[in-house]
């Protein structure tokens, strides 16, 4: 099966090479695509460990919209991606109101972490109940400067504060951060997306088998939904 790939004329999606100027300015954490050996986050002996049942629940799809919607949109995003944050605050609200809430589009959130910070944030987000997931991800994007670009390991403290506000307890937070099986599952999904859809940037969207890379305004996004009524 062939997969169509296109890049809209909107803003350039965030790629590894795009992150380099940010690194030079001290604005982002290391941006190489994470791999298991690089992202060891094992829980220490005094931390709660995730159970098999928790991990299985955290790996289930995170979606919005009707299951039988005409269009299925997978958004591949990194929680430390500034373009993803812009999209979430500018285009996504209109998409949600006009297309998702009306049953025309089913939205599937897909992790594509560009660094360890984004990976651990994705793990924490998935540890929330599914009905709180989208709101938490949108909150992380809205407050990205507060937690994602904190110096050193301070991002973990900031991330915990936001998770606590979302109703997560500390044992669950520690279990999520230290869940190597969840980490490896996220990275395996990312590798699959790289191979199957040739995704190397965020945000990227797979729309009914058609891949489009890059942040774009609502008017441009709906052009990728032929037959939308």
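The table below lists the values:
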| read-out | value |
| --- | --- |
| Residue count, segment 182-191 (criterion: more than 23 Å from residue 131 (Cβ to Cβ) and either touching a residue at least 12 places away in the same chain (Cβ under 8 Å) or surrounded by 18 or more Cβ atoms within 10 Å (Cβ to Cβ) (or both)) | 4 |
| Answer residue from segment 195-213, given it is under 15 Å from the mean Cα position of the chain (by Cα) and over 19 Å from residue 137 (Cβ atoms) and is surrounded by the most Cβ atoms within 10 Å (Cβ to Cβ) among those | 213 |
| Residue in segment 83-91 that is touching a helix residue (DSSP H, G or I) at 6+ places or on another chain (Cβ under 6 Å), over 21 Å from residue 147 (Cβ atoms) and buried (at least 19 other Cβ atoms within 10 Å of the Cβ) present | yes |
| Which listed residue is under 16 Å from the mean Cα position of the chain (by Cα) and more than 28 Å from residue 220 (Cα to Cα), from 132, 110, 62 | 132 |
| Out of 173, 136, sole residue that is under 26 Å from residue 106 (Cα atoms) and touching a helix residue (DSSP H, G or I) at 6+ places or on another chain (Cβ under 9 Å) | 136 |
| Yes/no for residue 99 being crowded, with 17+ Cβ neighbours inside 10 Å, assigned to a helix (DSSP H, G or I) and more than 17 Å from the chain's Cα centre (by Cα) | yes |
| Number of the condition not met by residue 185 [criteria: (1) farther than 15 Å from residue 113 by Cα; (2) out of contact with any helix residue (DSSP H, G or I) (no Cβ under 7 Å at 6 or more places or on another chain)] | (1) |
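This table checks each residue for (1) closer than 22 Å to residue 74 by Cα; (2) buried (at least 20 other Cβ atoms within 10 Å of the Cβ); (3) at pLDDT below 95; (4) more than 18 Å from the chain's Cα centre (by Cα).
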site	(1), (2), (3), (4)
126	yes, yes, no, no
155	no, yes, yes, no
164	no, no, no, yes
173	no, yes, no, no
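The values are calculated or read from the model by the stated rules, or taken from the named source; none is laboratory data. Fair warning: this is a prediction, and the values are worked out from it, not measured in the lab. Using ideal geometry, Cβ is built from the backbone for each residue, glycine included, and neighbour counts are taken over all protein chains shown.
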